[in-house]
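Read the structure below first, then the notes.
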Amino acid sequence: MDNITQWIKAFVADNLSGFSMADLPNYLFLLFLTGLWAWLFHRLYWRGSAKNTEDKQFAKQLILIAISTAVAISIIRFSIPLAIGFAALLTLLRFKIIAGNVRQWVYLFLVLILGLGMGSGFAVVLSIGYVLVTAVLFFLDKKVS
């Protein structure tokens, strides 16, 4: 049993690619914080939307886009070849734009920046900025409604 535990620890340590075991709690916290901020944007978007099925699907996708962007950036931030490969992959796939109107573009841009910042480890700076952004969005959506 002890040999299996040692083998698992060695396997995980060898495959962290730029991370250390001490970084894992911080990484999990960043992913949690990304999900929390994305959920808040999901709620803000849904609050000011027309409440149709297209808006509902888009609002759900905001959370997935933010978390998956954070995961992707945390993987490629230590490797220039991986970053180039990631950009080439997106180019080859001809990333289908899911945003239909200006409001959707704004929220899509915000969750992409959220994922990029959190994946790069800028949780404090990003959270401070997003408190202001959330307040502005809350005020603007309230004025429009």
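The values are calculated or read from the model by the stated rules, or taken from the named source; none is laboratory data. Nothing here was measured: the structure is a model prediction, and the numbers come from that model. Here the Cβ positions follow ideal geometry from the backbone for every residue, glycine too, while neighbour counts run over all protein chains shown.
Have a look at VAL106, VAL131, VAL125 and point out the one that is more than 13 Å from the chain's Cα centre (by Cα), under 15 Å from PHE41 (Cα atoms) and modelled with pLDDT of 85 or more.
VAL131
Just give me the residues in region 1-49 being farther than 20 Å from PHE109 by Cβ and assigned to a loop (DSSP other than H, G, I, E, B), in sequence order. Once the filter is applied, which keeps residues that are farther than 20 Å from PHE109 by Cβ and assigned to a loop (DSSP other than H, G, I, E, B), region 1-49 yields MET1, ASN15, LEU16, SER17, GLY18, PHE19, SER20, MET21, ALA22. Assess whether SER74 counts as being among the hydroxyl-bearing types (Ser, Thr, Tyr), in contact with a Gly (Cβ under 8 Å, 6 or more places away or on another chain) and modelled with pLDDT of 80 or more. Taking the combined requirement at face value, the residue satisfies it.
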